[in-house]
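Just below is one structure, and these are the notes that go with it.
The values are calculated or read from the model by the stated rules, or taken from the named source; none is laboratory data. If you're wondering where the values come from, they're calculated on a predicted model, not measured in any experiment. Glycine also receives a Cβ, built like all others from the backbone with ideal geometry; neighbour counts cover every protein chain displayed.
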């Protein structure tokens, strides 16, 4: 059984103009010691789905799920007191803005101590030693001096290290990192990512990394979930996602990366914008921006094919693994080729040539 | 090259005085030190570096928002000589326009798009009739890929990418020759970023604009830059044609910066020039080369003197006394 098991997670917010669905039907299953990544643009619901898992959303949020289990315990049924014991202790989270996540009025020592006191207990001296040890583990030079520092005395990278020290203070089995390096410079980003992976390996933690940066995904995670407008559109291993994206959105996103565009004059773009609360299209949410769109896409919401390992939310997934094996008889994986279902115009497009009309 | 540069800077320097408080002595922050470069029409000069390296100070000096402490700035053949608190001549100000990182903050929420676009004309082309101004604003709205009906809307009704288009349109209203772009796409989502970059390329071609493109995103810079300046701690450490700098980074900092940038290719094996520690405090600059405390090649010699930019090949200049060693290190890593 997996460590974190989420099925059919949806989050709705009551707003002045009606119910807004921020996240719909998200499935995640994370095993011990795995590194996952959730990638998507702003408004894709990647943070909201993890905040819902942590139980950190405000009361206006309506969280529903078919299954929301951590280590076999049903998080939806636990009392808030019981849940509080798991959150922060066994399942812990770090956020994008280290500067604003730390309390400016207390020293970092006090803030780390609070975590340990809450979840692990121990004498004052033991806790102090544990805090010093944690600061050393996250690579803060001179911990004995830094433990007395206030957050404003630390740089962004140092603050994020303190946040990580707090998050790992209770030996969590799952660490969720929400854009942990977005506010940092690249050389500092490289240090922080390396630290997270080192700690993940040493402690055998599972790590879920929320990011919008495809480069970070490629260099850190093993599995990746792509979200678009609150829906999970694809779930794959990182290597095969970059080699054979199954969802048209993933493909478009990858080809919009400047480093993958090659020598073309213009960058391939995705026309339009992510739909908001009031301009949700009917049928597939990506259809107004999709280059392979058909009338079927505009009318009918796609469902994930039951035999699709990548769980692609699309009527006409690309790069069918059966085709990729390049066997003339399509029976290798036991299911029929999707060619028959794919519209003729999508077949005519030469996928090697990624130029997209604006 | 026998073309005339639209902008040239020689030893451009900007220092800030920090007043002493009850517990601190007055100090000087050297935000920008000895930057020299030339900018040609239709070309893009990228300025790369981490926060606090003086990129934005350079933008402020180039747009004449602030005068340089020393050094010379020549725009369109006219030398800009500014004293503290003096306003630059209007004719020069029209030539250089700036676009900021955050399109949410740089547009006035209480003005419609058309009003914002007409304002520069109102101030600088007083003879122009109101209907002509409106006409020009509408033309520009279409040029940047918005629709005429957007003219009478307010900034909050637009998405981030559209707002950046409005900011670009506003900057182009006076037909400038130079556009300073201060992180123009870093606040935008990936799919929108590509749209704005394409728009910038189109406009550059159409109007023959020269861009000073300030960014920390190396994959974007590599794509659009003709020349690159890599800055660290207020001073250029490596300059040259983008092709040359990206194919063989020579300064140890450039190498570290390039190798720290995540690449969207999971099959690539990572070979990092590791960088320890963080940039030094501008109030307590290290002796000698400012990069020495973080550099893996640093020797005692490095802390004695700040190395000047020196030509190493063709058009590439590097400020490092161990250049040969740094280049050899990369070649070894590639060979092995």
Worksheet, complete the sentence: Sole miss for residue A:298 among (1) farther than 26 Å from residue A:19 by Cβ; (2) out of contact with any strand residue (DSSP E or B) (no Cβ under 9 Å at 6 or more places or on another chain); (3) not in a loop (DSSP other than H, G, I, E, B) is condition (1)
Worksheet item: Which residue, of B:73, B:92, is farther than 22 Å from residue B:253 by Cβ, part of a helix (DSSP H, G or I) and in contact with a strand residue (DSSP E or B) (Cβ under 9 Å, 6 or more places away or on another chain)?
Response: B:92
Response to the item:
Here the qualifying pairs (Cβ atoms under 6 Å; residues six or more apart or on different chains; first in segment A:259-272 and at positive phi; second part of a helix (DSSP H, G or I) and surrounded by 16 or more Cβ atoms within 10 Å (Cβ to Cβ)) come out as A:272/A:288; A:272/A:289
Worksheet, complete the sentence: The one condition residue A:188 fails out of (1) buried (at least 24 other Cβ atoms within 10 Å of the Cβ); (2) at the interface with chain B (Cβ under 8 Å from one of its Cβ atoms); (3) over 30 Å from residue A:151 (Cβ atoms) is (3)
Response to the item:
Filtering segment A:11-33 down to residues that are crowded, with 20+ Cβ neighbours inside 10 Å and over 13 Å from the mean Cα position of the chain (by Cα) yields A:11, A:22
Fill in: Sole exception among (1) in contact with a helix residue (DSSP H, G or I) (Cβ under 6 Å, 6 or more places away or on another chain); (2) in the same structural domain as residue A:34 (by TED's automatic domain parsing) for residue A:165, by number
(2)
Worksheet item: For segment B:297-314, what are the residues that are surrounded by 14 or more Cβ atoms within 10 Å (Cβ to Cβ) and in a loop (DSSP other than H, G, I, E, B)?
Response: B:297, B:298, B:306, B:307, B:309
Worksheet, complete the sentence: How many residues of segment B:120-137 are under 28 Å from the mean Cα position of the chain (by Cα) and free of Cβ contacts under 8 Å to residues at least 24 places away in the same chain? The answer is 1
Fill in: Wholly enclosed helices (runs of 4 or more DSSP H) of segment A:31-144 bearing at least 2 residues in contact with a strand residue (DSSP E or B) (Cβ under 7 Å, 6 or more places away or on another chain) and either modelled with pLDDT under 95 or under 26 Å from residue A:201 (Cβ atoms) (or both)
A:46-54
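Can you tell me which residue in segment A:207-257 is surrounded by the most Cβ atoms within 10 Å (Cβ to Cβ), limited to those that are outside any helix (DSSP H, G or I) and more than 16 Å from the chain's Cα centre (by Cα)?
A:247
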Item to complete: Among the residues of segment A:58-75, write down those that are within 21 Å of the chain's Cα centre (by Cα) and surrounded by fewer than 19 Cβ atoms within 10 Å (Cβ to Cβ).
Response: A:58, A:61, A:62, A:64, A:66, A:67, A:71
Item to complete: Hey, can you tell me all the residues within segment B:95-117 that are surrounded by 19 or more Cβ atoms within 10 Å (Cβ to Cβ), out of contact with any strand residue (DSSP E or B) (no Cβ under 8 Å at 6 or more places or on another chain) and either assigned to a loop (DSSP other than H, G, I, E, B) or without any contact (Cβ under 8 Å) to a residue 24 or more places away in the chain (or both)?
Response: B:103, B:107
Discussion item. Report every pair of residues separated by at least 6 positions or lying on different chains whose Cβ atoms are under 8 Å apart, first residue within segment A:26-43 and at the interface with another protein chain (Cβ under 10 Å from one of its Cβ atoms) and touching a residue at least 24 places away in the same chain (Cβ under 8 Å), second part of a loop (DSSP other than H, G, I, E, B) and surrounded by fewer than 17 Cβ atoms within 10 Å (Cβ to Cβ).
Written reply: A:43/A:276
Fill in: Cβ pairs under 7 Å, 6+ apart, first in segment A:301-315 and more than 15 Å from residue A:27 (Cβ to Cβ), second surrounded by fewer than 17 Cβ atoms within 10 Å (Cβ to Cβ)
A:307/A:335; A:315/A:296
Worksheet item: Taking segment B:268-284 as the region of interest, how many residues are free of Cβ contacts under 8 Å to residues at least 60 places away in the same chain and more than 7 Å from chain A (Cβ to nearest Cβ)?
Response: 9
Worksheet entry | Test result for residue A:262, over 17 Å from the mean Cα position of the chain (by Cα), surrounded by fewer than 19 Cβ atoms within 10 Å (Cβ to Cβ), within 9 Å of chain B (Cβ to nearest Cβ) and outside any strand (DSSP E or B) | no
Practice prompt. Using the structure shown, decide if residue A:276 is facing another protein chain (nearest Cβ under 10 Å), under 24 Å from residue A:304 (Cα atoms) and in a loop (DSSP other than H, G, I, E, B).
Written response: yes
Fill in: Filter result (within 11 Å of another protein chain (Cβ to nearest Cβ) and either closer than 14 Å to residue B:254 by Cβ or in contact with a strand residue (DSSP E or B) (Cβ under 6 Å, 6 or more places away or on another chain) (or both)) within segment B:181-224
B:216, B:218, B:221, B:222, B:224
Worksheet item: Here are some conditions: (1) surrounded by 19 or more Cβ atoms within 10 Å (Cβ to Cβ); (2) part of a strand (DSSP E or B). Residue B:57 meets all but one. Which one does it not meet?
Response: (2)
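So if I check each of A:177, A:183, which one is in contact with a strand residue (DSSP E or B) (Cβ under 9 Å, 6 or more places away or on another chain) and surrounded by 16 or more Cβ atoms within 10 Å (Cβ to Cβ)?
Testing whether each residue is in contact with a strand residue (DSSP E or B) (Cβ under 9 Å, 6 or more places away or on another chain) and surrounded by 16 or more Cβ atoms within 10 Å (Cβ to Cβ) leaves just A:177.
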Discussion item. I need every pair where a residue in segment A:235-250 that is more than 9 Å from every other protein chain (Cβ to nearest Cβ) has its Cβ under 7 Å from the Cβ of a residue that is part of a helix (DSSP H, G or I), sequence separation at least 6 or different chains.
Written reply: A:244/A:324; A:245/A:251; A:245/A:254; A:250/A:241
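Kindly indicate whether residue B:147 is within 14 Å of chain A (Cβ to nearest Cβ), farther than 30 Å from residue B:5 by Cα, surrounded by fewer than 19 Cβ atoms within 10 Å (Cβ to Cβ) and free of Cβ contacts under 8 Å to residues at least 24 places away in the same chain.
Considered against the rule, which asks whether it is within 14 Å of chain A (Cβ to nearest Cβ), farther than 30 Å from residue B:5 by Cα, surrounded by fewer than 19 Cβ atoms within 10 Å (Cβ to Cβ) and free of Cβ contacts under 8 Å to residues at least 24 places away in the same chain, residue B:147 comes out as yes.
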Worksheet entry | Unmet criterion (only one of (1) more than 10 Å from chain B (Cβ to nearest Cβ); (2) surrounded by 21 or more Cβ atoms within 10 Å (Cβ to Cβ)) for residue A:157 | (1)
Worksheet item: In this structure, is residue A:8 outside any loop (DSSP other than H, G, I, E, B) and surrounded by fewer than 18 Cβ atoms within 10 Å (Cβ to Cβ)?
Response: yes
Worksheet item: Taking segment B:255-266, which residues are without any contact (Cβ under 8 Å) to a residue 60 or more places away in the chain and either more than 7 Å from chain A (Cβ to nearest Cβ) or on the phi > 0 side of the Ramachandran plot (or both)?
Response: B:258, B:259
